[in-house]
4 protein chains.
Amino acid sequence: MIIILKADIQEEQLQNLLEHVESAGLQTHLSRGTFRTIVGVIGDETAISADRLRSFTGVHDVVPVLPAYKLASLQAHPQPSVVDVSGVPVGGGYLGMIAGPCAVENEKRMDDIALAIKQAGANLLRGGAYKPRSSPYSFQGLGEEGLKILRAVGDRHDLPVVTEITDPRNLDQVLQYTDMLQVGARNMQNFVLLNEVGQTSTPVLLKRGMSATIDDLLMSAEYILSKGNPNVVLCERGIKGFDPQTRNLFDVAAVPVIRSLSHLPIIVDPSHATGRPELIPSCAMAGLAAGADGVHVEVHDCPEEAMSDGPQALLPGQYAELATRMAQLAELLGKTIPVKTGASP
Amino acid sequence: MIIILKADIQEEQLQNLLEHVESAGLQTHLSRGTFRTIVGVIGDETAISADRLRSFTGVHDVVPVLPAYKLASLQAHPQPSVVDVSGVPVGGGYLGMIAGPCAVENEKRMDDIALAIKQAGANLLRGGAYKPRSSPYSFQGLGEEGLKILRAVGDRHDLPVVTEITDPRNLDQVLQYTDMLQVGARNMQNFVLLNEVGQTSTPVLLKRGMSATIDDLLMSAEYILSKGNPNVVLCERGIKGFDPQTRNLFDVAAVPVIRSLSHLPIIVDPSHATGRPELIPSCAMAGLAAGADGVHVEVHDCPEEAMSDGPQALLPGQYAELATRMAQLAELLGKTIPVKTGASP
Amino acid sequence: MIIILKADIQEEQLQNLLEHVESAGLQTHLSRGTFRTIVGVIGDETAISADRLRSFTGVHDVVPVLPAYKLASLQAHPQPSVVDVSGVPVGGGYLGMIAGPCAVENEKRMDDIALAIKQAGANLLRGGAYKPRSSPYSFQGLGEEGLKILRAVGDRHDLPVVTEITDPRNLDQVLQYTDMLQVGARNMQNFVLLNEVGQTSTPVLLKRGMSATIDDLLMSAEYILSKGNPNVVLCERGIKGFDPQTRNLFDVAAVPVIRSLSHLPIIVDPSHATGRPELIPSCAMAGLAAGADGVHVEVHDCPEEAMSDGPQALLPGQYAELATRMAQLAELLGKTIPVKTGASP
Amino acid sequence: MIIILKADIQEEQLQNLLEHVESAGLQTHLSRGTFRTIVGVIGDETAISADRLRSFTGVHDVVPVLPAYKLASLQAHPQPSVVDVSGVPVGGGYLGMIAGPCAVENEKRMDDIALAIKQAGANLLRGGAYKPRSSPYSFQGLGEEGLKILRAVGDRHDLPVVTEITDPRNLDQVLQYTDMLQVGARNMQNFVLLNEVGQTSTPVLLKRGMSATIDDLLMSAEYILSKGNPNVVLCERGIKGFDPQTRNLFDVAAVPVIRSLSHLPIIVDPSHATGRPELIPSCAMAGLAAGADGVHVEVHDCPEEAMSDGPQALLPGQYAELATRMAQLAELLGKTIPVKTGASP
């Protein structure tokens, strides 16, 4: 950590600051420049709050040298993590290909879609039972009934399932039915929820918030890791942008940036990132080419009847075509798309 | 609602679309242009999902003509709402001047700050007991102990109190102690929480999320209103921006924009918006001049010792100076800063 | 300047780096921490390129301590600058109230508007003769004919005039007619143009680009100052934002941020910032309350007939009402709205 | 074009509006809804200004149905354009692989780099002679001396050359030496410059501005096309974002978005988009996978000595490795990387 002092700091203020830092067990190293004096802080800088240092009179700025997350960092775990989702590994060369409708609507539809995506090569099935909707008047999901359908369909097709958790009070219920918990973009900094899913051992798909920096995303992962759950898969799903052409702005560079900072798997979600089906294939391919550990695509067999987010889903046939191209690209990149076989969990 | 069709839509697709709209009890009106055909939808367009219409083959775009919120709109309630916070009205010419520390730390400090802001002219006291922090290793608040201190200090100085709610499971507890519930920016789209606070009758301070459009903010207010709680005060506290000079980007135009769309009071929070104490006074004055119904400022008597967000707090003396200037401006603008007197609630 | 080294930097790389810095006449100061080593650079850091240092093997990051601009900084000129626009001072307590149509259209209209804004209290007249339009098919301005009208009308009403320069090849022509040159937002980093206007002594109104940080804006001002022209007035006119409610995002905090960094006057332009006439008064008042040195408002007597940007103009009567409120606010803030009297320039 | 009226529009205002539209040779079609009346405008909507319509009293909003650009649109030219850069076709399945240093520094260095990138498989050589730099104190390029070096080196290695134009006054000079003119991001809306390059027949590489929407970019292309030069290649080079991890935000979805709107070739520039060499390969691959018609990468043999933008350049060996991977991906995608052979131009 580096503390940059104001030009007019007084000696007493400086001593006050140095004492504060040293009382936390850290050493200080003063460097008096022509225009500014800087203080190098030596030791474990997470023992001290940068924010609090910024409050000291005479401090111009504080520059952290290390990130505030530890467990999520490459320093803590230099090898890529592989997260096992009930038999499907994600990360470290294994791609998690998640597909399915936005919301679970009924068993017949779910079953048709699951069959189609399984045949196309997907290895994880998604479907929402508790839907966070921006309007209180929109369909909010089937609840436990939806979870039961998702579980049954996933078992039938040997596809581990992913579903969203929105309320800490129904975590126990959701855990009975799912192989992976999704924390949505709007809940990425719902720290109450992060603390709860951190106390399970179920894999968590943590989606990046629309205004979250990559540091913010990794700090949210740190919440989960710090509570004891190491099974976190990150997901880039588009951030807020200024061009209305796309629903969100797909930040594909987040993939290599996260790779340079963290061992956690990172997948991409071109459905939410673009909100336009005709853009999904290009962005899915881009994500894989950038090194993503998987791709999350919404698939619906009749978007016109979808109860949620129809416009951003591919048809099963479109998905199959994309999946073929993604498989070719995966091979070129030396990645494996694992398949779950054997008994249901 | 206007549906813009693709140039190559087929007659059968068009009929399919028209039937769908009409089956929802709406009328359609076709307008065939040189390059595009458009369909005007006549009737209550909230009866139909724009998203679902976008999924129909042959649809180029759907342009809603009315906002998706109803209860929050000026159409529903043409006069400005006045929210009564235990004797302090906010809105409709009455300014809510909220001040206090980021977190409740101890009773002595809370008492000193409350005395100072009361004397300066604030009429509502804030203090967090449950703190959403971006790092799991940061101070997370005193919990119920903090609520007790806040209540006692507020009563002592005749200042109704505002505190943040982060977990639906401790709503009952928080309600015992507070006059106003704050829903923070990171929880603006935590719909589970919005549903819960909507089922109380306690005033809610709803802060705008960092990537929320004003429509998003009003939709979140609609969640609360639609559950039966009409006492919502909105708060502009800065959105995500690209210039690191300020912690967030203070969107002062949100004040007149909201005024043009909604009857709900809107206050500004220059502390979170800027993150720099030297910018707070200018932005507080700007917010009032733009027509805000109040100003939320963090005040701490020793930022260097603050357990949270010290760098964005004013000292009590700085706040007093600002409060004097704000009172002059309020007078020029014909606004009133109400004072609670009489018995504690 | 602080250089943060990578953990794995080798001794030879470090020596190479230190030699490079020292060969530029600067001193270095090494501080070896537990996790990182940092190098403090002592001396005039503008003698060395941060970018080039970032290219050295083993360098993690470079943190400049001083801004890259010099002449625009408060260090170079601790007192606020006052720019004289042919008898109307702007800055240092004097407010520049600029009003007029987007484009000069004809002499009658220009004269009517000038009369109205003069009576309302404006002290500078704007009007574009060379219009940068996003469509090649839009009206591009009257050229020299427009300049002649602007000059004649300004003289008739004792209003110094402001007009935009877009092409270095007609600078001499424009200089014949105007009291102040405007460099538009889209040309803020047209360095060729900045160099040219820097070689005149005519006041320059430099508008902030839509994606420009405040540092970028001050660096563009530095171009002009470094060529010898000290008469620069900055203008905040809205930056790119994500909410379509407003045409741009009015960054009112830019006013106190610039005040904390530079001596140059800073005015606000709520017309371009919002693009909606009903929001202009609130944002104009907000800008003044934040400490701006003036307000730029587009005024047109028949927006329906305006050849450019009609929707963001106030009617003369609306402007007069706003001007009255701004004058009251200016008085409260202790600012003066100077009036040019006497002979034409 | 659709005009949405305010609920309280008066009959006379409506007639006034309809007359205005019809006087431009367009037809109107009224659709009276429950809450709003809308007017469909039938005919060539570019004959009328949406902005001007927005200024009419009683108009709530105007929704254009067709884009404002014509020549750049797919409607005007349904097949992908192929731009010939002195023997190297770009677009329509042919990839333009542009590489070279940010600035031409000296002939030896330029020659070494050109040899390396040619061997690696690049087919176009870049190098700046006139550099737009954000600081007036930075190296501004070698001028004509740099152009001469670039031309000589390009000829020697059979690489057509690309260089930036910043000043309309030296267009003739630059045209003597270059095969392709680059208009940089900061000049994307320098309409004076666009008009000038539009009057040549030399291919233009038009880079997207940092706050430009895709519509803005296509409107700037329209300027060039409308002046008679059809040889425009677009370039996505990163837009303004909020995360300091990358210099800009690489908007890879711009590739398929542009493909859905325009026939013009679109290439990507991961050097400027990320500003970090370790991210360039992933983003280059992502761009190609998304369907880009080429990749622009800065290459320098000694970034530590680069006079401009060293930190975002790859070393020749790094570029060769990336070029091999890009060639494999191009093959998978069915694209061709053309090579210029034979006599110099």
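Just so it is clear, none of the values below were taken in a lab; they were calculated from the coordinates. Note that the structure is a prediction, hence the values are computed from the model and not measured. Neighbour counts are summed over all protein chains in view; Cβ atoms, including those assigned to glycine, are modelled from backbone coordinates with ideal geometry.
Please grab the % of Cα pairs in segment B:233-295 that end up more than 14 Å from each other.
Values: 956 of 1953 pairs.
In whole percent, the share of Cα-Cα pairs in segment B:233-295 beyond 14 Å is 49.
The mean number of Cβ atoms from other chains found within 10 Å of a Cβ in peptide D:61-71 is 3, as a whole number.
To the nearest 20 Debye, how big is the dipole of segment C:32-150 about its Cα centre, given +1 on the beta carbon of each Lys and Arg and -1 on that of each Asp and Glu?
Numbers: 12 positive and 11 negative charges, 78 e Å.
The calculation lands at about 380 debye.
Remark: spin-label model distance C:Asp155-A:Arg169 equals 7.8 nm, labels positioned 7 Å along the Cα→Cβ axis.
Dipole size in debye (nearest 20) for segment B:207-345 around its Cα centre, Lys and Arg Cβ +1, Asp and Glu Cβ -1? If you can, show how the numbers build up before the last one.
Details: 11 positive and 16 negative charges, 79 e Å.
That gives a dipole near 380 debye.
Here's the picture: charge each Lys and Arg Cβ at +1 and each Asp and Glu Cβ at -1 in segment B:181-263, and of B:Val232, B:Gly184, B:Leu194 the one pushed furthest to the positive end of that dipole is B:Gly184. Residues B:Ser271, C:Ser308, arranged from fewest to most other Cβ atoms within 10 angstrom of their Cβ, appear as C:Ser308, B:Ser271. Please report how far the C-alpha centroid of segment C:1-46 lies from that of segment A:25-51, rounded to the nearest whole angstrom. Here the answer is 16 Å between Cα centres.
Calculate how steeply helix A:107-120 sits against the longest principal axis of the alpha-carbon atoms of chain A, using the helix alpha-carbon long axis, and give the answer as 0 to 90 degrees to the nearest 10. It works out to around 80 degrees.
Each eigenvalue of the Cα gyration tensor of the protein assembly as shown, multiplied by 5 and square-rooted, gives one semi-axis; in descending order these are 41, 40, 37 Å.
Using only atoms on other chains, find how many Cβ atoms lie within 10 Å of each Cβ of peptide C:128-135 and report the average. Can you show the working numbers first?
On the way: counts 0, 0, 2, 1, 4, 4, 11, 10.
Partner-chain Cβ atoms within 10 Å, mean over residues of C:128-135: 4.
When each of A:Leu314, D:Leu17 is scored by the number of other beta-carbon atoms lying within 10 Å, the sequence from fewest to most is D:Leu17, A:Leu314. Cβ crowding within 10 Å, taken as a proxy for footprinting-reagent exposure, orders C:Ile42, B:Ile239 from fewest neighbours to most as C:Ile42, B:Ile239. With respect to chain A, whose longest principal axis is taken over its alpha-carbon atoms, helix A:280-289 is tilted by about 50°. Residue-level result for chain D: its Cβ closest to the axis carrying D onto C, with that distance in Å, is D:Ser211, 2. In this model, which of C:Lys118/C:Lys340; C:Lys148/C:Lys207; D:Lys108/D:Lys340; C:Lys240/D:Lys240; A:Lys6/C:Lys6 are farther than 18 Å apart at the alpha-carbon? Table pairs above 18 Å Cα-Cα are C:Lys148/C:Lys207; D:Lys108/D:Lys340; A:Lys6/C:Lys6.
Roughly how big is chain C's charge dipole about its Cα centre, with Cβ charges of +1 (Lys, Arg) and -1 (Asp, Glu), in debye to the nearest 20?
Numbers: 28 positive and 39 negative charges, 49 e Å.
I would put it at about 240 debye.
Dividing the alpha-carbon Rg of segment B:134-194 by 2.2 N^0.38 Å yields what?
Details: Rg = 12.4 Å, N = 61, 2.2 N^0.38 = 10.5 Å.
Computed over Cα atoms of segment B:134-194, the ratio equals 1.19.
Would you mind giving the average projected area, over all directions, of the Cα convex hull of segment D:205-265 in nm² with one decimal?
Details: hull surface 16.2 nm².
Averaging across all directions leaves 4.0 nm² for the Cα convex hull.
What is segment D:188-296 by shape, rounded, prolate or oblate, if you read a ≥ b ≥ c off the alpha carbon gyration tensor as root eigenvalues and call it rounded for a/c under 1.5, prolate for a/b larger than b/c, and oblate otherwise? Prolate, because a/c is 1.5 or more and a/b exceeds b/c.
Return the average number of partner chain Cβ atoms within 10 angstrom of each residue Cβ along peptide A:304-314.
On the way: counts 10, 3, 4, 3, 3, 3, 7, 9, 3, 1, 0.
Counting Cβ atoms of other protein chains within 10 Å of each residue's Cβ and averaging gives 4.
Give the angle, between 0 and 90 degrees and rounded to the nearest 10, that separates the Cα long axis of helix A:214-226 from the longest principal axis of the Cα atoms of chain A. Compared with the principal axis, the helix lies near 80 degrees.
So for segment D:279-318, considering every pair of alpha-carbon atoms, how many percent are separated by more than 17 Å? Present the calculation step by step, with values, prior to reporting the outcome.
Values: 276 of 780 pairs.
Above the 17 Å cut-off, segment D:279-318 has 35 percent of its Cα pairs.
Among A:Val232, A:Val85, A:Val41, the residue with the largest mean-square fluctuation in a Gaussian network model of chain A, with springs joining Cα atoms closer than 10 Å, is A:Val41.
Where the alpha-carbon atoms of segment B:105-229 are placed on the principal axes, they occupy 40, 33, 26 Å, in descending order.
Sparse packing (at most 11 other Cβ atoms within 10 Å of the Cβ) combined with a DSSP loop state is found for none of the trypsin sites (Lys or Arg not before Pro) in segment A:266-345. Its alpha carbons considered, segment A:226-345 gives a radius of gyration followed by a Dmax of 15.3, 48 Å.
Of B:Leu333, B:Leu206, B:Leu264, the residue with the greatest mean-square motion in the GNM of chain B, using alpha carbon springs below 10 Å, is B:Leu333.
Over the protein assembly as shown, what is the percentage of antiparallel beta bridges among all DSSP beta bridges, to the nearest 5? Show your work: numbers first, answer last.
Values: 78 of 182 bridges.
Antiparallel: roughly 45 percent of the beta bridges in the protein assembly as shown.
The alpha-carbon of A:Lys335 sits under 17 angstrom from the alpha-carbons of these aspartates and glutamates, leaving out residues fewer than 8 places away in its chain: A:Asp84, A:Asp293.
Mean projected area of the Cα convex hull of chain B, taken over all directions, amounts to 19.8 nm². Cross-link partners for A:Lys227 among the lysines, with Cα-Cα distance under 17 Å and sequence neighbours closer than 8 places in the same chain left out: A:Lys70. Tell me whether segment B:254-324 comes out rounded, prolate or oblate; compute the Cα gyration tensor, take square roots of the eigenvalues as a ≥ b ≥ c, and use a/c under 1.5 as the rounded threshold. Verdict is prolate for segment B:254-324.
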